[in-house]
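Read the structure below first, then the notes.
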Amino acid sequence: MPRIPLRDRLVYHLGDGALERLLKRHATGLLLDIGCGKKPYAAMTRNLVTRHVGVDHPDTPHGHGGMDAAAAAYALPFRDDAFDGVLCTSVLEHLEEPEAALREAARVLKPGGKAFYMTPFLWHVHEEPRDFYRYSRYGLEYLFAKAGFVDVEVVPLSGFWVTFGQLFVYQLYRLHRGPLRWFPVIPAAGALVQLVAYGLDKLDRAPGARKWTWAYLTSARKA
């Protein structure tokens, strides 16, 4: 895995942990990583699948280091029913036509193949201007079902405290400039906020707390 900036450690810890547990239960055979960039999940999947194939848009801002093929998510250069699984993390919000992309993912999946998607919900605008959507649990269930998937399971990755804490850390880092860059004040404060937010999220069992998630992890099966 690439080195994670200190300000992002909490959400990566939670997101990658949840994804790894899901992949350990369901990933097998040939896995297609759509929007792979430098293929940061190659190490995570190494002992789970026979091959991890990466595809990304030729103009991706994340580099071409992990790409096995260059293509848009709407026109994957693979035959029908080719893959046992599809992985797609933090990509669907950047696609103008998410349903078309999901249908194309379903096309290259074998019947019974699994899809694993991570998508933001309460999150700031990023990689603009190519940032189009935020997805609720119900929107994801609708899109996946419409694209031909069944057994759709949508899991929130945090509650209010982690979401609020992480966004607050990003605001703190806006002050990390000028003379303050010479002192570890902001990074130390950010690390403390993340630690407290993580603890509060663990303790918060109030009904509806996880409706404030920053992102969802979706798994689904091709019918």
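All of (1) more than 16 Å from the chain's Cα centre (by Cα); (2) not assigned by TED's automatic domain parsing to the domain that holds T28 hold for Q166 with one exception: (1). Looking across G65, G37, one residue alone is at pLDDT below 95 and either charged (D, E, K, R) or crowded, with 20+ Cβ neighbours inside 10 Å (or both). It is G37. Here A147 passes the criteria (1) over 13 Å from V11 (Cβ atoms); (2) modelled with pLDDT of 95 or more; (3) not assigned by TED's automatic domain parsing to the domain that holds Y12 except the one numbered (3). Please determine whether any residue of region 181-198 is assigned to a loop (DSSP other than H, G, I, E, B), assigned by TED's automatic domain parsing to the domain that holds E97 and not aromatic (F, W, Y). There is no residue in region 181-198 that is assigned to a loop (DSSP other than H, G, I, E, B), assigned by TED's automatic domain parsing to the domain that holds E97 and not aromatic (F, W, Y).
Taking the stated definitions as given, is P58 free of Cβ contacts under 8 Å to residues at least 24 places away in the same chain, assigned by TED's automatic domain parsing to the domain that holds E104 and either assigned to a loop (DSSP other than H, G, I, E, B) or surrounded by 13 or more Cβ atoms within 10 Å (Cβ to Cβ) (or both)? The answer is yes for P58. Against the list (1) surrounded by 15 or more Cβ atoms within 10 Å (Cβ to Cβ); (2) closer than 24 Å to A27 by Cα, the condition G112 fails is (1). Would you check which residues across region 114-134 are assigned to a loop (DSSP other than H, G, I, E, B), among the aliphatic types (A, V, I, L, M) and touching a Phe, Trp or Tyr at 6+ places or on another chain (Cβ under 8 Å) and list them? Within region 114-134, L122 is the sole residue that qualifies. In region 157-178, the condition of being in contact with a strand residue (DSSP E or B) (Cβ under 6 Å, 6 or more places away or on another chain) and not in a helix (DSSP H, G or I) is met by at least one residue.
Could you go through region 74-81 and let me know if any residue there is among the acidic types (D, E) and modelled with pLDDT under 95.
Within region 74-81, none of the residues are among the acidic types (D, E) and modelled with pLDDT under 95.
How many residues are over 17 Å from A215 (Cα atoms) and surrounded by 14 or more Cβ atoms within 10 Å (Cβ to Cβ) if we restrict to region 146-174? Final tally of qualifying residues: 5.
Could you tell me whether any residue of region 8-27 is more than 15 Å from the chain's Cα centre (by Cα), in the same structural domain as E93 (by TED's automatic domain parsing) and over 26 Å from L157 (Cα atoms)?
First pass over region 8-27, keeping only residues more than 15 Å from the chain's Cα centre (by Cα): 24-27.
Cutting the leftovers down to in the same structural domain as E93 (by TED's automatic domain parsing) gives us 24-27.
Now restrict to residues that are over 26 Å from L157 (Cα atoms): none.
Taking every residue of region 8-27 in turn, none turns out to be more than 15 Å from the chain's Cα centre (by Cα), in the same structural domain as E93 (by TED's automatic domain parsing) and over 26 Å from L157 (Cα atoms).
A quick yes/no check of all residues on (1) free of Cβ contacts under 8 Å to residues at least 24 places away in the same chain; (2) in a helix (DSSP H, G or I); (3) under 14 Å from the mean Cα position of the chain (by Cα):
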| residue | (1), (2), (3) |
| --- | --- |
| C36 | no, no, yes |
| D81 | no, no, no |
| E93 | no, yes, yes |
| G112 | no, no, no |
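The number of residues in region 74-105 that are closer than 19 Å to G54 by Cβ and crowded, with 16+ Cβ neighbours inside 10 Å comes to 18.
The values are calculated or read from the model by the stated rules, or taken from the named source; none is laboratory data. Being a predicted model, the structure only gives us computed values, none of them experimental. Please note: Cβ atoms are built from the backbone with ideal geometry, for glycine as well, and neighbour counts cover all protein chains shown.
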